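Notes for the one structure printed next.
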Amino acid sequence: MLIFRGKITLAILFLFLLISPTTFQANEKEDEAAKRIALFKKMETITQIPWYYYAAIDQYERQIHKEKISDGVISIQIPEDKWAGPLNPSQTDKQKEYQIAFFEGMGRDGDGDGFADRTNDEDILASIGHYFLQYGRSKDDIKIALWHFYERDLNVQGIIYNARVFKANDSIVLEDRVFPLPKNYNYSYRSTWGDGRGFGGRRIHEGTDIFANYGVPVRSTTYGVIEIKGWNRFGGWRIGIRDIHNIYHYYAHLNGFADGVEVGQIVKPGDVIGSVGATGYGPPGTSGKFPPHLHYGMYKDNGYSEWSFDPYPFLRKWERMDK
């Protein structure tokens, strides 16, 4: 009997060891996402402002702050002076709601304890909801409210894009990615980020070149919104997609665009947006100054500025995932 029990214990231990740490991490992320959505939808019920706007702000804020100040799952950070009111002699995180309201601060009590706590999830969302309602519930009202809060067009645009993507997919768990070219086509690439370029003056190469034949389909690697489509004298026919992680994905030298692709369109991983070409380095229509390839670039925005970073490691990872 002891031997039998020992075998069972060892079998359970073996199965436990087989479970990858990434499985636990995935479950934790799903649990956190469920808690976040529950809070967003609770606030929607109270304010009649759709849940995906709260989700979009929270998603945006978690991309621009290394650490959240909330004790829970929400990443929105309201500056102390905005929370308590600029003339409030006390700039502590937790105060009575009437005191903050007297000094025209944003802080509101969302959990009913009488205090407005800048580190409490429900209080944070209640404060954002109250702020929205001062402007109104329409899309334009919310856009205006966001501009007055962030005072930067790109921040507002990113949040509105997030809201549209979350609404279209009815989810905030959108982590799938794909390689930009289908695996059943021949292609080659290496790390070319930072290499020198001469056309238009000395500059560095801000992306990875993926060489393939004319007409090979080019796919969106991510969930996002098409921000730019058209001609650029460096990139030829190109498309720019902004994702929910505040990253701009740049697809250049395209031979053409897929039918129906338009600015403002919501895309998901695998959606065909164009095809490989050799356009660019001149006025509209210029082609053939270099071998056909896709130039793929990635740009991160931190709420203040935007910069290029090397997409090569991500491409390798997505390529492995595709295969």
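Applying both filters, DSSP loop and at most 12 other Cβ atoms within 10 Å, to the chymotrypsin sites (Phe, Trp or Tyr not before Pro) of segment 246-323 gives Tyr304.
Near Pro79, once Lys and Arg are set to +1 and Asp and Glu to -1 for all other residues with Cβ below 13 Å from its Cβ, the sum equals -3.
When only Cα pairs below 8 angstrom with a gap of at least 6 residues are kept, the chain shows a relative contact order of 13 percent.
Rounded to the nearest 20, the size of the Cβ-charge dipole of the chain about its Cα centre is 1460 debye, with Lys and Arg at +1 and Asp and Glu at -1.
Equivalent ellipsoid of the chain: semi-axes from √(5λ) of the C-alpha gyration tensor, largest first, are 41, 31, 17 Å. Amide H of Val276: which non-local residues (sequence gap of 5 or more, or other chain) have their own amide H closer than 5 Å, using H built in the peptide plane? HN-HN under 5 Å from Val276: Gly215, Val216, Val218, Asn255. The residues Leu146, Leu133, sorted by heavy-atom accessible surface at 1.4 Å with ligands and nucleic acids left out, run Leu133, Leu146 from largest to smallest.
Given in Å, the Rg to one decimal and the Dmax to the nearest whole number for the Cα atoms of segment 145-272 are 16.0, 49.
Of the GluC sites (Glu not before Pro) in segment 197-303, the ones in a loop by DSSP (not H, G, I, E or B) with at most 16 other beta carbons within 10 Å are Glu262.
Per the Kirkwood formula applied to alpha carbons, segment 61-186 shows a radius of gyration over Rh ratio, Rg over Rh, of 1.09.
Seen through its C-alpha gyration tensor, with square-root eigenvalues sorted a ≥ b ≥ c, segment 244-323 comes out rounded because a/c lies under 1.5.
Rounded to whole numbers, the Karplus 3J(HN,Hα) couplings from phi for segment 78-91 are 9, x, 4, 5, 6, 5, 8, x, x, 9, 5, x, 9, 10 Hz, using 6.51 cos²θ - 1.76 cosθ + 1.60 with θ = phi - 60°, and x at Gly and Pro. What trypsin sites (Lys or Arg not before Pro) does segment 74-147 have in DSSP loop regions with at most 12 other beta carbons within 10 Å? Sparse-neighbourhood loop trypsin sites (Lys or Arg not before Pro): none present.
Computed with a 1.4 Å probe over protein heavy atoms only, the accessible area of Arg316 comes to about 80 Å². Per residue, the Cα convex hull of segment 282-322 amounts to 144 Å³.
In this structure segment 81-135 gives 48 Å² per residue of accessible area when probed at 1.4 Å with all protein chains present.
Solvent exposure of Ile64, expressed as accessible area, is near 40 Å², computed with a probe of 1.4 Å over the protein chains only.
Taking all protein chains into account, the per residue accessible area for segment 202-323 stands at 41 Å² (1.4 Å probe). The sum of -39500 (n - 2.57) across all DSSP H runs of n ≥ 4, divided by the residue count of the chain, sets its helix-only mean residue ellipticity at 222 nm to -12000 deg cm²/dmol.
Taking the accessible area of the chain, probe 1.4 Å, and keeping the other protein chains in place, the carbon and sulfur fraction comes to 55%. Between Asp113 and Tyr214, the modelled labels are 6.8 nm apart [label points 7 Å from Cα along Cα→Cβ].
Over segment 96-140, all Cα pairs binned in 5 Å intervals from 0 give whole-percent P(r) values of 5, 27, 28, 22, 11, 6, 1, listed from short to long.
Solvent-accessible area of Glu30, all protein chains in place: 110 Å² (probe radius 1.4 Å, heavy atoms, ligands and nucleic acids excluded). In percent, rounded to a whole number, the relative contact order of segment 141-267 is 22, using alpha-carbon pairs under 8 Å and six or more apart.
The values are calculated or read from the model by the stated rules, or taken from the named source; none is laboratory data. Treat the numbers as computed from the prediction; the structure is a model and nothing was measured. Cβ coordinates were reconstructed from backbone atoms using ideal geometry, including for glycine residues, and neighbour counts include every protein chain displayed. Keep in mind that these areas ignore ligands, DNA and RNA; they rest on the heavy atoms of the full protein, side chains included. Shrake-Rupley method; radii C 1.70, N 1.55, O 1.52, S 1.80 Å.
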